[in-house]
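Visitor: The following block contains the structure, expressed as structure tokens.
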Amino acid sequence: MYAKEWLVLSALPGLGAQRIAKLAEQRPEWPHGWLALLPPQAASELRLWLDHPTRSPLQKAVEDNLAWEAAASNRALLYPGHPAWPALLSEIADPPPLLWAQGDLGALRLPGLAMVGTRRPTSEGAANAQAFARDFARRGWCVVSGMALGIDALAQRAALDASGVSIAVLACGIDVIYPARHRDLYQRLSETPGGLVLAEHPLGTAARPAYFPRRNRIVTGLSLGTLVVEAAEKSGSLVSARLALEQGRELFAIPSSIHNLQAHGCLKLLRTGATLARSSGDILDELQHWAEAFMPPAQAEHTAPVPDAPRADEPLPDTLLTALGEVPTPIDTLVQNAAISVSECQQRLLMLELEGWVAQQTGGWVRLPRA
């Protein structure tokens, strides 16, 4: 079967991804085997398309999608059996029957790590997303996410900035940019070597709330593990965490202060069994054997973890930093310990904030991790 046949199957009434996957497990021959297995209405629609394609409402959709694929060299319709189809995706319970792809298909050959989190990250969460993504990119891993606001986009931009590889999975059609403000990121992923955009919905499909959990199963399904960078207790990122576990994938979470409400979801995951991630090394130590298992030896060697490059200790620009850590410290405590005035303390904190050393959070000031 080729793209045309999978396009028709995905457009038949009464069929979802899970049902198509169940039928495909029986390896029916095209088209008679499928006609025998399909429910009556879907079988009738397929028979009409086979016998009289110009009279079938499916034909225009088939022609439009094939025309979209042929219009640019960086476009492809991926399906089970396609040379670039990701084998990991076939292991989940409801793989998409078809994926619209735009960008560098080589991104699918690297082991993937899903990075997800809140749409409203703290400065600490944003710094962690960027630092982890850069390190994964440097070590030859692909950052997989949903191009959403917040952690998703920060991680994907950081991976591309490090000349790395990143895949975005959309909750809409491949030709719809959502959120609209990420047009530049969409273009980078579509046009930069190592960038790739995927969608399971037909052309022109608008993003809808029900599509986001569906999108998340592909994000986690493409990945050997999922890292929750920062998430509130009722964050949608916890849906991705649950999906990763259901798919038999590894789950990681970055710890944070108990005073950081945007990270309570991560603390909950850690309490219920997620692996604590202090650095990218913690994650790759757990995943590297899986990467080697599904990749050719030469490629696995290319992605093996490398030691962190040694670097000289960065001198502290202000002694106030010695009193700051991950737990917010009130300004009156800093004033008392440093024996300075409130105004001087505020001035010094402002300079440190502008230089990316500290951030103000509920309860006081925290020291930010350095990339």
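The values are calculated or read from the model by the stated rules, or taken from the named source; none is laboratory data. Only a predicted model underlies this, so the values are computations on that prediction, with no experimental measurement involved. A quick note on method: Cβ atoms are made from the backbone with ideal geometry, for glycine too, and the neighbour counts reach across all protein chains shown. Areas reflect the complete protein model, heavy atoms only, side chains present, ligands, DNA and RNA absent. Shrake-Rupley method; radii C 1.70, N 1.55, O 1.52, S 1.80 Å.
Visitor: Select from the range 6-17 the residues that are open to solvent by less than 30 Å² (accessible area, probe 1.4 Å) and at pLDDT 85 or above and write down the one among them that is nearest to Trp49 (Cα to Cα).
Guide: Looking at residues that are open to solvent by less than 30 Å² (accessible area, probe 1.4 Å) and at pLDDT 85 or above, I get Val8.
Visitor: From the list Ala24, Ala61, Ala43, Ala67, which one is closer than 15 Å to Pro202 by Cα and surrounded by 14 or more Cβ atoms within 10 Å (Cβ to Cβ)? Lay out the reasoning, then the answer.
Guide: On the way: Ala24 fails: closer than 15 Å to Pro202 by Cα; Ala43 fails: closer than 15 Å to Pro202 by Cα; Ala67 fails: surrounded by 14 or more Cβ atoms within 10 Å (Cβ to Cβ).
The unique qualifying residue is Ala61.
Visitor: Scan the range 87-128 residue by residue and report those that are of a type in the set (Gly, Ala, Ser), over 20 Å from Arg215 (Cα atoms) and touching a residue at least 40 places away in the same chain (Cβ under 8 Å).
Guide: If we filter the range 87-128 for residues that are of a type in the set (Gly, Ala, Ser), which is where we start, we get 87, 90, 93, 101, 103, 106-107, 112, 114, 117, 123, 125-127.
So of that shortlist, the ones also over 20 Å from Arg215 (Cα atoms) come out as 106, 123, 125-127.
Answer for the range 87-128, where residues must be of a type in the set (Gly, Ala, Ser), over 20 Å from Arg215 (Cα atoms) and touching a residue at least 40 places away in the same chain (Cβ under 8 Å): Gly106, Ser123, Gly125, Ala127.
Visitor: Across the range 80-92, what is the total count of residues that are small (Gly, Ala, Ser) and either over 19 Å from the mean Cα position of the chain (by Cα) or buried (at least 22 other Cβ atoms within 10 Å of the Cβ) (or both)?
Guide: First, the residues of the range 80-92 that are small (Gly, Ala, Ser): 81, 84, 87, 90.
Subsequent filtering for residues that are either over 19 Å from the mean Cα position of the chain (by Cα) or buried (at least 22 other Cβ atoms within 10 Å of the Cβ) (or both) retains 81.
Residues that pass the stated criteria total 1.
Visitor: Within the range 70-79, how many residues are buried (at least 17 other Cβ atoms within 10 Å of the Cβ) and farther than 19 Å from Val176 by Cβ?
Guide: 1
Visitor: Tell me yes or no: at least one residue of the range 210-228 is surrounded by 24 or more Cβ atoms within 10 Å (Cβ to Cβ), farther than 17 Å from Arg242 by Cα and either free of Cβ contacts under 8 Å to residues at least 60 places away in the same chain or not β-branched (Val, Ile, Thr) (or both).
Guide: Looking for residues that are surrounded by 24 or more Cβ atoms within 10 Å (Cβ to Cβ), farther than 17 Å from Arg242 by Cα and either free of Cβ contacts under 8 Å to residues at least 60 places away in the same chain or not β-branched (Val, Ile, Thr) (or both), one finds none in the range 210-228, hence no.
Visitor: Say whether the condition of being at pLDDT below 95 and open to solvent by 10 Å² or more (accessible area, probe 1.4 Å) is met by at least one residue in the range 163-170.
Guide: Yes, the range 163-170 contains at least one residue that is at pLDDT below 95 and open to solvent by 10 Å² or more (accessible area, probe 1.4 Å).
Visitor: Report yes if Arg242 is touching a residue at least 24 places away in the same chain (Cβ under 8 Å) and of a type outside the set (Phe, Trp, Tyr), otherwise no. Lay out the reasoning, then the answer.
Guide: Details: touching a residue at least 24 places away in the same chain (Cβ under 8 Å): no; of a type outside the set (Phe, Trp, Tyr): yes.
In short, no.
Visitor: Would it be correct to say that Leu48 is more than 17 Å from Tyr2 (Cα to Cα), open to solvent by 30 Å² or more (accessible area, probe 1.4 Å) and not small (Gly, Ala, Ser)? Please lay out each step first, then the result.
Guide: Values: more than 17 Å from Tyr2 (Cα to Cα): yes; open to solvent by 30 Å² or more (accessible area, probe 1.4 Å): yes; not small (Gly, Ala, Ser): yes.
So Leu48 passes the test.
Visitor: While we're on this one: Count, please, the residues in the range 27-39 that happen to be open to solvent by 50 Å² or more (accessible area, probe 1.4 Å) and touching an Asp or Glu at 6+ places or on another chain (Cβ under 8 Å). So that I can check it myself, show each step before the final result.
Guide: Within the range 27-39, the subset open to solvent by 50 Å² or more (accessible area, probe 1.4 Å) is 27, 29-30, 32, 36-37.
Add one more test, that the residue is touching an Asp or Glu at 6+ places or on another chain (Cβ under 8 Å), and what stays is 30.
Qualifying residue count, the range 27-39: 1.
Visitor: On to the next question. If you take the residues of the range 230-268 that are open to solvent by 20 Å² or more (accessible area, probe 1.4 Å) and of a type in the set (A, V, I, L, M), which of them is nearest to Glu326 (Cα to Cα)?
Guide: So, considering only residues that are open to solvent by 20 Å² or more (accessible area, probe 1.4 Å) and of a type in the set (A, V, I, L, M), the one nearest to Glu326 (Cα to Cα) is Ile258.
Visitor: While we're on this one: What are the residue pairs meeting all of these: first residue in the range 30-42, first residue within 14 Å of Ala11 (Cβ to Cβ) and of a type in the set (S, T, N, Q), second residue open to solvent by 30 Å² or more (accessible area, probe 1.4 Å) and not in a helix (DSSP H, G or I), Cβ atoms under 7 Å, and 6 or more apart or on different chains?
Guide: Within 7 Å, the pairs are Gln41/Pro13; Gln41/Gly14.
Visitor: Identify all residues within the range 345-371 that are under 24 Å from Ser279 (Cα atoms) and out of contact with any strand residue (DSSP E or B) (no Cβ under 9 Å at 6 or more places or on another chain); write none if there are none.
Guide: Answer for the range 345-371, where residues must be under 24 Å from Ser279 (Cα atoms) and out of contact with any strand residue (DSSP E or B) (no Cβ under 9 Å at 6 or more places or on another chain): Glu355, Gly356, Gln361, Pro369, Arg370, Ala371.
Visitor: For the range 109-123, state whether one or more residues are over 17 Å from the mean Cα position of the chain (by Cα) and either β-branched (Val, Ile, Thr) or modelled with pLDDT under 90 (or both). Before you say what the answer is, go through the steps one by one.
Guide: Initially, the range 109-123 is screened for residues over 17 Å from the mean Cα position of the chain (by Cα), giving 122-123.
Going one step further and asking which of them are either β-branched (Val, Ile, Thr) or modelled with pLDDT under 90 (or both), we end up with 122-123.
Yes, that holds for at least one residue.
Visitor: Here's a follow-up. For the range 352-371, enumerate the residues that are at pLDDT 80 or above, surrounded by fewer than 19 Cβ atoms within 10 Å (Cβ to Cβ) and under 16 Å from Thr322 (Cβ atoms).
Guide: Selection gives Gly364 alone.
Visitor: I would also like to ask the following. Looking only at residues that are among the aromatic types (Phe, Trp, Tyr) and in a helix (DSSP H, G or I) in the range 1-52, which one is nearest to the chain's Cα centre (by Cα)? Break it down stepwise before answering.
Guide: Within the range 1-52, the first condition is being among the aromatic types (Phe, Trp, Tyr), and the residues that meet it are 2, 6, 30, 34, 49.
This time we only want the ones that are in a helix (DSSP H, G or I), so: 6, 34, 49.
Numbers: Trp6: 25, Trp34: 33, Trp49: 37 Å.
Going through the qualifying residues, I end up with Trp6.
Visitor: Filter the range 103-151 down to the residues that are open to solvent by less than 10 Å² (accessible area, probe 1.4 Å) and in a helix (DSSP H, G or I), then identify the one that is farthest from Lys234 (Cα to Cα).
Guide: Out of the qualifying residues, it is Ala107.
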